[in-house]
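Worksheet: one structure, shown below.
The values are calculated or read from the model by the stated rules, or taken from the named source; none is laboratory data. Since we're looking at a predicted model, the values are computed, not measured. Cβ placement follows ideal geometry from the backbone for every residue including glycine, while neighbour counts extend to all protein chains displayed. Surface accessibility is based on the protein's heavy atoms, side chains included, excluding ligands, DNA and RNA. Shrake-Rupley method; radii C 1.70, N 1.55, O 1.52, S 1.80 Å.
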Amino acid sequence: MKGLILAGGRGTRLRPITHTSSKQLVPIANKPILHYAIEHMTQVGITDIGMVIGETGEEVRASVGDGSRWGASITYLPQPDPLGLAHCVQIAGPFLGDEPFVMYLGDNMLQHGLGPLVERFRADPSPAARILLCPVADPHRFGVAEVADGRVVRLVEKPTEPVSDLAMVGAYLFTGAIHEAVRAIRPSARGELEIVDAIQWLLDGGHAVGHDLVDGWWLDTGKKDSLLEANRRVLEDLPVRIDGTVDDRSDLDGRVVVEAGAVVRGSTVRGPAIIGRGAVIVDSYVGPFSSIGDEVTITGSEIENSVLLERVRIDGVPRLIDSLVGRDSEITRSNRPPRATRLLLGDHCAVDLQ
């Protein structure tokens with residue numbers, strides 16, 4: 001069995017972070033989301049992995065390399081334009097051949113990884129495809145499945161009037177039958193080859209499509225709030241580890257990780273939280289569900305339920321919550337008169353001022 005991880009796309013819902021970075025490389029608990037996808041593949045014995053990349057392909061290559069650190073072999077498959085998930089399968093056709101394969105969206109997170117999906121296929125390999133479904137509050141944002149008498153009977157991509165609340169999770173298992181399907185379908189109104197249409201083509205042709213409800217939680221991390229939620233959930237399972245320096249004026253409470261080279265002085269860190277390599281926390285409070293990236297500096301500030309990427313500097317900020325801050329950013333509080341808010345913002349930013 002082979003693997004196919006989709007690491008292209010423009011990540012418009014995470015701008016401005018994704019103006020300069022791949023959405024799949026935004027960190028969850030200081031680890032790029034994409035790395036979790038690779039780990040989930042190798043945990044079920046899939047080590048021959050194709051990775052579809054787009055305009056951020058060079059950054060993805062630099063982060064992932066040849067896959068050897070995970071005991072995997074990565075074959076990069078360029079997709080010049082984001083023309084849909086079924087188009088990704090078309091591009092990957094020569095790599096995949098006729099073998100069954102798992103396709104995994106590189107910005108999705110599954111609590112229990114791919115184990116349940118792969119185990120069910122190995123127990124019953126007769127369906128041409130197997131999909132995971134999850135009840136959601138806003139099904140119009142997803143591909144949605146209609147299930148009758150225990151069988152998937154219809155799939156609709158981002159329906160205006162959803163036929164159910166069962167969204168398709170971003171992990172699929174296909175046999176070689178999917179290749180004929182992706183060649184047979186035509187672009188949708190969005191101009192993309194939809195994987196939903198390809199699976200519907202299989203259904204219309206009499207192929208069986210297996211389905212299961214997802215075990216545990218599933219999150220599409222393509223938006224800030226869902227990314228922060230994924231960060232919270234992953235931090236809850238981190239084992240305590242203190243490899244950096246913590247002085248006797250500091251207080252670490254709960255599930256806290258302090259990476260090697262990090263320094264915590266005169267500060268309180270309440271877990272679950274992670275402090276990255278080379279970070280310096282001085283006279284500050286880092287609250288629960290915070291991921292502090294490598295070489296971040298926080299002085300005289302309070303942070304909670306936030307993700308700070310590498311080399312961020314926070315100085316004199318009394319309360320920063322529910323935030324995602326990109327690399328090399330600086331947030332300071334000046335006491336110089338006149339008192340005012342001074343901002344330098346890129347496109348698609350969001351600012352919430354009290």
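Accessible area of the chain with a 1.4 Å probe: how many percent of it is carbon plus sulfur?
Values: 7490 of 16120 Å².
Heavy-atom surface of the chain belonging to carbon and sulfur, 1.4 Å probe: 46 percent.
Please state the charge dipole magnitude for segment 156-195, taken about the Cα centre, from unit charges on C-beta atoms (+1 on K and R, -1 on D and E), reported in debye and rounded to the nearest 20. Working shown, then result.
Working: 4 positive and 6 negative charges, 35 e Å.
Magnitude of the dipole: close to 160 debye.
In the chain, with Lys and Arg counted as +1 and Asp and Glu as -1 at Cβ, which of these residues, Y285, A92, G170, has the Cα nearest the positive end of the dipole, that is, farthest along it?
Y285
If the viscosity is 0.692 mPa s and the temperature 37 °C, what translational diffusion coefficient in µm²/s does Stokes-Einstein give for segment 241-310 when Rh comes from Kirkwood over Cα pairs? Intermediate values should be presented prior to the final figure.
Working: Rh = 11.1 Å.
It comes out at roughly 296 µm²/s.
Please identify the helices of the chain, taking whole runs of DSSP H, that span at least 15 Å along their own axis as judged from the Cα atoms and have a mean Kyte-Doolittle score of 0.0 or higher.
Values: long enough: 33-43 (16 Å, 0.10); 85-96 (16 Å, 1.38); 224-235 (16 Å, -0.57).
Counting only whole DSSP H runs, the qualifying helices are 33-43, 85-96.
Please give me the summed charge of the neighbours of G176: other residues whose Cβ is under 15 Å from its Cβ, Lys and Arg +1, Asp and Glu -1. Before the final figure, lay out each step's value.
Working: positive: K2, R130, R183; negative: D98, E99, E180.
Taking every Cβ under 15 Å from that of G176, the sum is 0.
Using only DSSP helix segments of four residues or longer, with each worth -39500 (n - 2.57), what per-residue ellipticity at 222 nm results for the chain after dividing by its residue count and rounding to 500?
Mean residue ellipticity, 222 nm, calculated: -6000 deg cm²/dmol.
Measuring with a 1.4 Å probe in the full set of protein chains, what accessible area per residue, in whole Å², belongs to segment 35-110?
Numbers: 2870 Å² over 76 residues.
On a per-residue basis, 38 Å².
Which value, in debye to the nearest 20, describes the size of the charge dipole of segment 128-271 about its Cα centre when Lys and Arg Cβ atoms bear +1, Asp and Glu Cβ atoms bear -1, and nothing else is charged?
Values: 17 positive and 24 negative charges, 51 e Å.
The dipole of segment 128-271 has a size of about 240 debye.
Between rounded, prolate and oblate, where does segment 189-306 land on the alpha carbon gyration tensor, with a ≥ b ≥ c its root eigenvalues, rounded for a/c under 1.5, else prolate if a/b exceeds b/c? Present the calculation step by step, with values, prior to reporting the outcome.
Details: a/c = 3.90, a/b = 2.92, b/c = 1.33.
It is prolate, given that a/c is not under 1.5 and a/b is the larger ratio.
Would you mind checking which residues have amide H under 5 Å from R154's amide H? H placed 1.01 Å from N; only 5 or more apart, or other chain.
E146
Are there trypsin sites (Lys or Arg not before Pro) in segment 118-192 that DSSP puts in a loop and that have at most 11 other Cβ atoms within 10 Å, and which ones?
When the trypsin sites (Lys or Arg not before Pro) of segment 118-192 are filtered for loop state and at most 11 Cβ neighbours within 10 Å, R190 remain.
Taking +1 at the Cβ of each Lys and Arg and -1 at the Cβ of each Asp and Glu, which of S267, V209, L238 sits farthest along the dipole of segment 187-323 towards its positive end, judged by Cα position relative to the Cα centre?
S267
Charges at C-beta only: +1 for Lys and Arg, -1 for Asp and Glu. How large is the resulting dipole of the chain about its Cα centre, in Debye rounded to 20? Before the final figure, lay out the partial values.
Details: 36 positive and 48 negative charges, 141 e Å.
So the dipole magnitude of the chain works out to roughly 680 debye.
Once you order the gyration tensor axes a ≥ b ≥ c over the Cα atoms, which shape class does segment 86-232 get: rounded for a/c under 1.5, otherwise prolate or oblate by comparing a/b with b/c?
Details: a/c = 1.35, a/b = 1.24, b/c = 1.09.
Rounded, because the longest to shortest axis ratio a/c is under 1.5.
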